[in-house]
1. Would you list the membrane-span-like helices of the chain, meaning whole DSSP H runs whose alpha-carbon atoms span at least 20 Å along their axis and whose mean Kyte-Doolittle value is at least 1.0?
2. Find which of Leu7, Gln104, Pro57 sits farthest along the positive direction of the dipole of the chain, computed with +1 on the beta-carbon of Lys and Arg, -1 on that of Asp and Glu, about the Cα centre.
3. Give me the distance between the Cα centres of segment 1-33 and segment 76-148, rounded to whole Å.
4. Applying 1/(1 + (r/R0)^6) with R0 = 22 Å to the Cβ-Cβ distance of Leu136 and Ala38, what FRET efficiency is obtained, to the nearest 0.05?
5. Students often check this: by mean Cβ neighbours within 10 Å, which of 135-141, 4-10, 23-29 ranks highest, and how do the rest follow?
6. Over the chain, what percent of the accessible surface lies on carbon and sulfur atoms, probe 1.4 Å?
7. With charges set only on the Cβ (+1 for Lys and Arg, -1 for Asp and Glu), what does the dipole of the chain come to about its Cα centre, in debye to the nearest 20?
8. For the chain, report the accessible area per residue in Å² (1.4 Å probe, heavy atoms, rounded to an integer).
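The values are calculated or read from the model by the stated rules, or taken from the named source; none is laboratory data. Keep in mind the model is a prediction, meaning the values are calculated, not measured. For neighbour counting, all protein chains shown are included, and Cβ atoms are generated from backbone atoms with ideal geometry for every residue, glycine included. Calculation scope for accessible area: heavy atoms of the full protein, side chains included, ligands and nucleic acids excluded. Shrake-Rupley method; radii C 1.70, N 1.55, O 1.52, S 1.80 Å.
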Amino acid sequence: MVYNLFLFLHIAAVIVWIGGGFALVVLNARMARDPDPAATAVLSRQAAFFGRTVFGPAAMTTLAAGIVMIAVSGMGTPLWVIWGVAGLVASSLIGAIPVRRTGQALAALHGKGGSQSRALRRRLTLLSTIDLLLLLSVVWAMVFKPML
């Protein structure tokens, strides 16, 4: 019963995390091609808020529920669990450092256009896509449970 409850929490948090990440990749890609720098600045500020209030808590819920599941199941730490933890840490670092800094730089332009803004928007799209692919690789590992 405890395992199933935490499995539900784990999966629900992953859905929020990856679903939100996918939405931001699509929005960032659209903004990278959008000539409206003011809209891009607004999206950058909102993405920072989303990261703090949705991504961070979803990542921590995913981790905490996963730890409880491992503890109550007594399964140890197989490769796919290590992959999941490594992916969570890497994704958190990508979001906390280069994505956040790029978003802040974009928001600091205060709606100005130009080549710097376009370059930052492309960088944000690339970083978000890399992060999403990393998270999808973790989902793959959780489903297929590869062994050494």
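1. Span-like helices, by this rule, are 2-33, 56-73, 79-94.
2. Gln104
3. Spelled out, the Cα-based centre of one part sits 13 Å from the other.
4. With a Förster radius of 22 Å, E is 0.10.
5. 23-29, 135-141, 4-10
6. Carbon-and-sulfur percentage of accessible area, whole number: 74.
7. Dipole of the chain, to the nearest 20 debye: 500 debye.
8. Averaged over the residues of the chain, the accessible area is 58 Å².
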